[in-house]
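Computed from the coordinates by the stated procedures, all read-outs in this text should not be read as laboratory data. A quick note: this is a predicted structure, and the numbers were derived from the prediction, not measured. Cβ placement follows ideal geometry from the backbone for every residue including glycine, while neighbour counts extend to all protein chains displayed.
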Amino acid sequence: MIVQEIKKDVYGIIMNDWDRRLFDELIPLPDGTTYNAYLIKDKKSVLIDTSDPRKTDKFISILKKVSGGKIDYVISNHSEQDHSGSIPAVLKEFSSARVITSDKGASLLNKLLLVPEDKFIRVKDGEEIDIGERKLKFFHTPWVHWPETIITYSPVDKVLFLCDLFGSHLATGSFYASGNDRVYEAAKRYYAEIMMPFRNHIKKHLALIDGLAIDIIAPSHGPVYNNPQFIVNAYKDWVSDNVKNEVVIPYVSMHGSVNTMVDFFVDKLIERGIDAKPFNITVTDIGELAISMVDTATVVLGTPTVLGGPHPSAIYVTYLFKALRPKTRFVSVINSFGWGGNTVKLITDMLPTGDIEILEPVIVNGYPEESDFKLLENLAENILKKHRGLNIT
Amino acid sequence: MNRYVCTVCGYVYDPAKGDPENGIEPGTPFEQLPDDWVCPVCGAEKDKFEIEN
């Protein structure tokens with residue numbers, strides 16, 4: 001736990017969850033995480049977001065001390081339980097407190113946490129609330145990463161509180177991000193896993209943020225940004241349409257044929273100056289795979305045919321790819337089959353329509369022969385031409 | 001009026017129902033949805049939709 005005053009009467013309350021290793025029963029957390037809340041002690045005492053239910057008891061005891069026993073408003077920027085989950089306990093402890101959120105936020109908090117309807121103050125986009133020396137301004141910023149998300153801005157303090165946006169799953173004793181060289185990778189992992197599907201929404205929000213005077217960006221996971229441009233510029237890069245001269249190759253091999261093909265294919269890409277990133281799906285941290293998809297121009301999936309279709313772990317990765325919606329431009333498949341099947345079509349049918357071009361796949365009956373290696377080399381050459389067409393080689 | 005399906009998550013936009021929670025009246029054809037309308041389930045943009053078969 002860290003409590004730190006970031007501006008006069010503005011406090012960050014960071015609850016470290018050092019040994020949490022999985023989020024949503026899906027996302028690996030190699031560095032743990034934190035749940036950050038903020039407290040502004042003005043004429044009105046305002047809590048911004050809370051803590052995961054795993055930390056409720058400790059959070060409430062700290063909040064009672066730091067607040068001096070007074071909370072008038074709880075702002076909920078995001079209704080997900082890792083930030084909202086202690087709201088019921090806060091309302092129990094501070095019975096006159098009201099919850100400030102968007103219409104959709106109120107609806108979700110009512111459904112997810114049974115917060116009574118009469119507890120809410122619903123704010124519109126651009127609305128301000130006077131809390132004494134300050135006014136707090138609320139912007140509706142949907143889809144980072146739920147439809148109800150808002151951000152809270154304190155113009156007097158030049159602090160922007162934006163909950164999950166710009167967050168990082170990184171438990172650390174350092175309150176601020178500046179000088180902590182682990183933050184970039186952790187923030188990129190977070191973007192890849194949580195925010196990447198909403199890239200085009202974030203572009204709009206970045207334009208809004210660019211128009212605000214900001215000293216400190218206060219997210220609700222990971223260290224606080226005392227150099228806001230660091231994370232804003234990183235996000236501008238990630239959400240841009242620019243892709244890199246890379247090929248990500250998630251693959252699975254049952255008896256070695258796909259493995260042999262991927263191994264050869266990787267060498268042919270590297271010979272052409274393309275950064276090849278193979279991931280054996282069975283031993284891969286899916287967060288690492290997601291990070292690799294942030295910038296890559298091309299993804300090539302390697303899978304054998306089993307039970308007439310793709311290996312189930314290849315289907316899992318294809319599903320994640322579809323759900324994460326990276327800016328990948330080209331996709332292909334390397335497949336080995338024994339006696340039939342419909343593997344490639346089953347995979348390509350899962351992909352969303354849009355800007356992705358499917359390149360000629362390499363489909364091999366059994367173990368690759370010389371003519372098959374030639375096809376793999378052709379695919380590498382085709383990718384090089386496509387990447388040259390994007391001026392990224 | 002055609003129903004449109006989100007190719008990301010499978011949500012179906014039914015013009016007869018509209019999307020009242022997001023200010024879209026029942027009876028609004030997909031083609032007349034505002035450009036910034038997005039899939040209410042997954043946030044995908046309009047260009048990720050196709051006519052339901």
May I ask for the distance between the Cα centers of segment A:105-159 and chain B, given as a whole number of Å? 26
Taking θ as phi - 60°, what are the ³J(HN,Hα) couplings along segment A:162-175 by the Karplus curve (6.51, -1.76, 1.60), each to the nearest whole Hz, with x for Gly and Pro? 10, 6, 5, 4, 6, x, 8, 7, 8, 7, 7, x, 8, 5
Taking K and R as +1 and D and E as -1, what net charge do the other residues with C-beta under 15 Å from the C-beta of A:A171 add up to? +1
Segment A:L26-A:A323, extension gain: residue separation times 0.36 nm, minus the distance between their alpha carbons: 105.6 nm
For A:D19, B:D19, ascending order of other Cβ atoms within 10 Å (fewest first) is A:D19, B:D19
Each label point is 7 Å from the Cα along the Cα-to-Cβ direction; what then is the distance between the points at A:E128 and A:K7, in nm? 1.3
Per-residue ³J(HN,Hα) for segment A:48-58, Karplus 6.51 cos²θ - 1.76 cosθ + 1.60, θ = phi - 60°, Hz, x for Gly and Pro: 10, 6, 10, 9, 4, x, 4, 10, 4, 4, 5
If you take every residue apart from A:T34 with its C-beta less than 11 Å away from the C-beta of A:T34, what net charge results, scoring Lys and Arg +1 and Asp and Glu -1? -2
Mean residue ellipticity at 222 nm from the helices of chain A, using -39,500 (n - 2.57) per DSSP H segment of n ≥ 4 over the full residue count, to the nearest 500 deg cm²/dmol? -10000 deg cm²/dmol
Extension gain (nm, one decimal) between A:L390 and A:T282, 0.36 nm per residue minus Cα-Cα: 35.7 nm
Efficiency of FRET between A:S240 and A:K374 - r from beta-carbon atoms, R0 35 angstrom, step 0.05: 0.45
State which entries of A:K244/A:K322; A:K111/A:K204; A:K277/A:K385; A:K124/A:K322 exceed 23 angstrom in Cα-Cα distance in the structure shown. A:K111/A:K204; A:K124/A:K322
Anything over 19 Å Cα to Cα? Flag those among A:K65/A:K92; A:K104/A:K203; A:K327/B:K46, in the order listed. A:K104/A:K203
Hand me the trypsin sites (Lys or Arg not before Pro) from chain B located in a DSSP loop with no more than 15 other Cβ atoms within 10 Å, in residue order please. B:R3, B:K17
Count, for each residue of B:42-53, the Cβ atoms from other chains sitting within 10 Å of its Cβ, then give me the mean as a whole number. 3
Karplus couplings for segment A:155-160 from phi (6.51 cos²θ - 1.76 cosθ + 1.60, θ = phi - 60°), rounded to Hz, Gly and Pro as x? x, 4, 8, 6, 10, 10
If I build a Gaussian network model for chain A, linking alpha-carbon pairs within less than 10 angstrom, which residue out of A:K188, A:K268, A:K65 has the largest mean-square fluctuation? A:K65
Backbone N under 17 Å from the A:K58 label point (7 Å along Cα→Cβ), restricted to segment A:204-232: A:221-223
Determine, for A:H205, A:H140, the number of other Cβ atoms within 10 Å of each Cβ, and report the residues in order from fewest to most. A:H140, A:H205
